[in-house]
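Presented below is the structure to which this report refers.
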Amino acid sequence: MARTALVTGGSRGIGAAISKALKAEGYNVAATYAGNNEAAAQFTEETGIKTYKWNVGDYEDSKAGIAKVEEELGPIDVVVANAGITRDAPFHKMTPEQWQQVIDTNLTGVFNTVHPVWPGMRERGFGRIIVISSINGQKGQFAQVNYAATKAGDLGIIKSLAQEGAAKGITANAVCPGYIATEMVMAVPEKVRESIIAQIPAGRLGEPEEIARCVAFLASDDAQFINGSTISANGAQFFV
Ligand code: CAA
């Protein structure tokens, strides 16, 4: 029977590529989105992937949304916690609101997405948690104290979940994308983006599909013994 995968932030950018790759592998895919109804409807029309709207930063909203997905598609076997935002500012200009918004979505959002599905995975003896972290959680980034804190936090989450889930057939891993050609990176001022690309030995931004293929592998049965690991996909920009 086909497995069910939940991809948060799954209708745009890296998330959309992940949703499509998992669908191509035969999963029933549910993609969540936060705001843009029109874009989500278009994504569903183009891909046949169902979209669900909720705020990953809100626990009750996430719990209710996940219950609806499970009712419609079946128990969730694979969670890809991908939803994320940036609110970049040098630290001396960063507001408490910018800090909190990023923490709520990127970090608490992972808790809110994984916690409701965890008991079912434990009972069924199978699960895949894949968190989309970032190169900037590994190396830090000017103007991203908030974002880098959440992305480093993701690595603590998967290393802890891996130890709790291993005996129950659940793996928890992270993918750390480098700079990928998405709206998020295109929003960086052009001059800054050019200077970033100059720091990437591959000489280019990554493609969303290059991250999606890492996720599809981590979700597969072949990856059962890979647990608590991080796959970096950054064109040789940074090594841990
Ligand atoms: N390193 C060192 N100094 C830097 C710098 C850097 N990377 N970037 C900017 N600066 C300096 C500037 O030269 C400037 O210096 P001066 O004051 O001496 O001129 C100062 O810092 C910035 O001052 P501004 O008043 O211009 O800053 P601002 O308030 O307008 O903020 C910014 C601009 C938000 C920092 C903007 O430059 C920016 O967005 N930078 C990109 C940050 C970034 O890389 N974000 C990653 C987004 S993609 C992503 O997050 C996905 C992923 O996972 C990889």
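Every test in (1) closer than 23 Å to Ala17 by Cα; (2) surrounded by fewer than 22 Cβ atoms within 10 Å (Cβ to Cβ) is passed by Asp104 save one, and that test is (1).
Of all the numbered requirements in (1) part of a loop (DSSP other than H, G, I, E, B); (2) away from the ligand (no atom under 16 Å from the Cβ), Pro119 misses one, and that requirement is (1).
Applying the condition of being over 18 Å from Gly137 (Cα atoms) and touching a residue at least 60 places away in the same chain (Cβ under 8 Å) to the stretch 183-206 and asking which residue is least open to solvent (accessible area, probe 1.4 Å) yields Ala187.
Note on the stretch 4-42: among residues that are within 23 Å of Ala187 (Cα to Cα) and assigned to a loop (DSSP other than H, G, I, E, B), the one that is most open to solvent (accessible area, probe 1.4 Å) is Arg12. Screening the stretch 125-240 for strands (runs of 3 or more DSSP E) wholly inside it with 1 or more residues that are under 13 Å from the mean Cα position of the chain (by Cα) and within 10 Å of the ligand (Cβ to nearest atom) returns the ranges 127-132, 170-177.
If you go through the stretch 107-133 and keep only what is hydroxyl-bearing (Ser, Thr, Tyr) and open to solvent by less than 10 Å² (accessible area, probe 1.4 Å), you end up with Thr113, Ser133. If the condition is being open to solvent by 30 Å² or more (accessible area, probe 1.4 Å), of a type in the set (S, T, N, Q) and without any contact (Cβ under 8 Å) to a residue 60 or more places away in the chain, then the stretch 134-152 contributes only Gln141.
Inspection of the stretch 52-73 finds a residue satisfying the criterion of being surrounded by fewer than 22 Cβ atoms within 10 Å (Cβ to Cβ), part of a helix (DSSP H, G or I) and touching a helix residue (DSSP H, G or I) at 6+ places or on another chain (Cβ under 6 Å).
The values are calculated or read from the model by the stated rules, or taken from the named source; none is laboratory data. This is a predicted model, so every value here is computed, not measured. Cβ coordinates were reconstructed from backbone atoms using ideal geometry, including for glycine residues, and neighbour counts include every protein chain displayed. The accessibility values were calculated without ligands, DNA or RNA, using every heavy atom of the protein model including side chains. Shrake-Rupley method; radii C 1.70, N 1.55, O 1.52, S 1.80 Å.
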